[in-house]
Amino acid sequence: MSLLYKSTRNSEVKVTASQAILKGLADDGGLFVPETIPSLEVSLKDLANMSYAEVAYEVMKLFLTDFTEEELKNCINRAYDSKFDTDEIAPLVKADGAYYLELFHGATIAFKDMALSILPHLLTTSAKKNAVKNDIVILTATSGDTGKAALAGFADVEGTKIIVFYPKDGVSPIQEKQMVTQKGDNTYVVAIKGNFDDAQTGVKNIFGDKEFAKLMDESGFQFSSANSINIGRLVPQIVYYVYSYAKLLQNEEISEGEEINVVVPTGNFGNILAAFYAKNMGLPIKKLVCASNDNKVLYDFFTTGEYNRNREFILTSSPSMDILISSNLERLIYRICDADSAKNKELMTSLSKEGKYEITEAMKAQLADFYGNYATEAETAKVIKDIYESTGYVIDTHTAVAAVAYKKYLADTKDNAKTVIASTASPFKFTRSVMNAIDAKYDNMGDFELVDELSKLSNVTVPNAIEEIRTAKVLHDTVCEVNEMKDTVKKILGIN
Ligand SMILES: *Cc1c(COP(=O)(O)O)cnc(C)c1O
């Protein structure tokens, strides 16, 4: 049976999985959603004995129905290999009354690696299937994390090139070092003399330039994007929720069919949407706890039914969740308005025009699977210290936001179901905030000194991703003005 994808803004538009991956966004600005959510075909018991790659195949084959078994297995095997520092790929750690699902064992030690290590392979396979002859050029603007994860994923993948633009003074020194030391003959990193919005707008303008697209095509290239609304990123994220359930079952922490809760530190709503899809596939999940930091648009949405981005943007210690427009929420909105694409479009238009929208009571009633809460900066720091002191386990700031939201959920509901917390980054990625939370005395130490302290204190070896950049050579030093971005792309690709 083949599964098609339709646009959230026009249900008449239908494409195959590989076409949706190639396009990213529908022409009408909508997001692609599967016509139905498929059910798992294997029993939970059978899943319990499978490796990560095997679970990935069982889940992904149901969504990417126009991929052959060989094509999909090839993509999976090339993604989840020694780039990860553990065979388990996504280990579960029991601590402080919950199970932390560590999604940070890939190349850049954050959860975006889970999807960005397979996306390049899904994309090149999709290109072949649709007789695309051009090389795919990935163009990305980054405020730090996504750029590096995309570079690592696409590095040396045949048939692709990746160009990342970042704001020269708008990323952390470690983030910049991670990017400018990126290896791979097909990787290009460019600093722009502007801020993140300039970089983002520049990339959007290049994407929208029809004349440039024609020039590209004549030279054997076409653009694609690696951003988080691509179903090629969403589908691989469903896998680890199924895998975590399988591991709990295998370790006899739960019995077959027992319901668990899942807590997700949320920004763009991609990760938690994947957990929701897993529930709809038949995975026994009771509540999806959506955790926000001080930018608590989603908490307000779940409690009031109004989504309102008209508020101050707050910089927090969990920067990857500093977001006021959660793009992937559109997929949930579309679903709770019973796939009424006109209604969804109306709400999204209101969001772009007025910065807000309100859902109906009937739609609100369909949000019962979700519970929203948030953590302040003080609560985030305190939970890192408390969990470290009581268990020795050190979590990062994003995961800490989830830990706080879970504690608030427990206090509100007394629900004692076993709970998986998505642990989205290694504490080594946010060392300074983590160490300062544990003890103020660390404040005057240097970055790498802190890394060594954290390693001692947590009894965890320094991850390769950090070890590498201590000594890595700078391989990219291109800097350009905002208005030179297009020319820079031309120069990189050798076209004019
Ligand atoms: C991107 C990111 C998140 C947020 O995930 P969404 O899918 O955007 O909700 C949380 N934590 C970390 C470390 C991230 O990099």
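Of all residue pairs spaced 6 or more apart or on separate chains, those with beta-carbon atoms under 8 Å, a first member in segment 27-51 that is on the phi > 0 side of the Ramachandran plot and a second member that is of a type outside the set (S, T, N, Q) and part of a helix (DSSP H, G or I) are 29/348.
All of (1) surrounded by fewer than 23 Cβ atoms within 10 Å (Cβ to Cβ); (2) closer than 15 Å to residue 152 by Cα; (3) modelled with pLDDT of 95 or more hold for residue 139 with one exception: (3).
Checked against (1) free of Cβ contacts under 8 Å to residues at least 60 places away in the same chain; (2) outside any helix (DSSP H, G or I); (3) within 16 Å of the ligand (Cβ to nearest atom), residue 227 passes all but a single condition, namely (1).
Let's see how each residue does on (1) under 30 Å from residue 55 (Cβ atoms); (2) among the charged types (D, E, K, R); (3) free of Cβ contacts under 8 Å to residues at least 12 places away in the same chain:
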residue	(1), (2), (3)
83	yes, yes, no
86	yes, no, no
104	yes, no, no
122	yes, no, no
137	no, no, no
145	yes, yes, no
154	yes, no, no
175	no, no, no
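Here the helices (runs of 4 or more DSSP H) wholly within segment 276-388 that include at least 2 residues being farther than 30 Å from residue 256 by Cα and among the aromatic types (Phe, Trp, Tyr) are 297-304. In segment 309-328, the residues that are without any contact (Cβ under 8 Å) to a residue 12 or more places away in the chain form Cβ pairs under 8 Å with partners that are charged (D, E, K, R), at six or more places apart or across chains, as follows: 315/322. Go through segment 389-413 and report how many residues are outside any helix (DSSP H, G or I) and under 23 Å from residue 241 (Cα atoms). So the count comes out to 4. Beta carbons closer than 8 Å, at least 6 apart along the sequence or on distinct chains, pair a first residue in segment 246-275 that is within 22 Å of residue 91 (Cβ to Cβ) and hydroxyl-bearing (Ser, Thr, Tyr) with a second that is modelled with pLDDT of 95 or more and away from the ligand (no atom under 16 Å from the Cβ) for 255/249. Quick one: in segment 296-327, of everything that is at pLDDT below 95 and crowded, with 22+ Cβ neighbours inside 10 Å, which residue is nearest to the ligand (Cβ to nearest atom)? Result: 320. Does residue 324 satisfy the condition of being within 20 Å of the chain's Cα centre (by Cα) and among the aliphatic types (A, V, I, L, M)? Taking the combined requirement at face value, the residue satisfies it. All of (1) over 16 Å from residue 229 (Cβ atoms); (2) more than 10 Å from the ligand (Cβ to nearest atom) hold for residue 108 with one exception: (2).
Applying the criterion of being touching a strand residue (DSSP E or B) at 6+ places or on another chain (Cβ under 8 Å) and surrounded by fewer than 21 Cβ atoms within 10 Å (Cβ to Cβ) to the residues of segment 125-136, the residue that is nearest to residue 89 (Cα to Cα) is 135.
Looking for something among the hydrophobic types (A, V, I, L, M, F, W, C), more than 20 Å from residue 131 (Cα to Cα), modelled with pLDDT of 95 or more and not in a helix (DSSP H, G or I) - is there at least one such residue anywhere in segment 245-254? Scanning segment 245-254 turns up at least one residue that is among the hydrophobic types (A, V, I, L, M, F, W, C), more than 20 Å from residue 131 (Cα to Cα), modelled with pLDDT of 95 or more and not in a helix (DSSP H, G or I).
The values are calculated or read from the model by the stated rules, or taken from the named source; none is laboratory data. Computed from a predicted structure; not experimentally measured. Cβ sites come from the backbone with ideal geometry, for glycine too, and all protein chains shown count toward neighbours.
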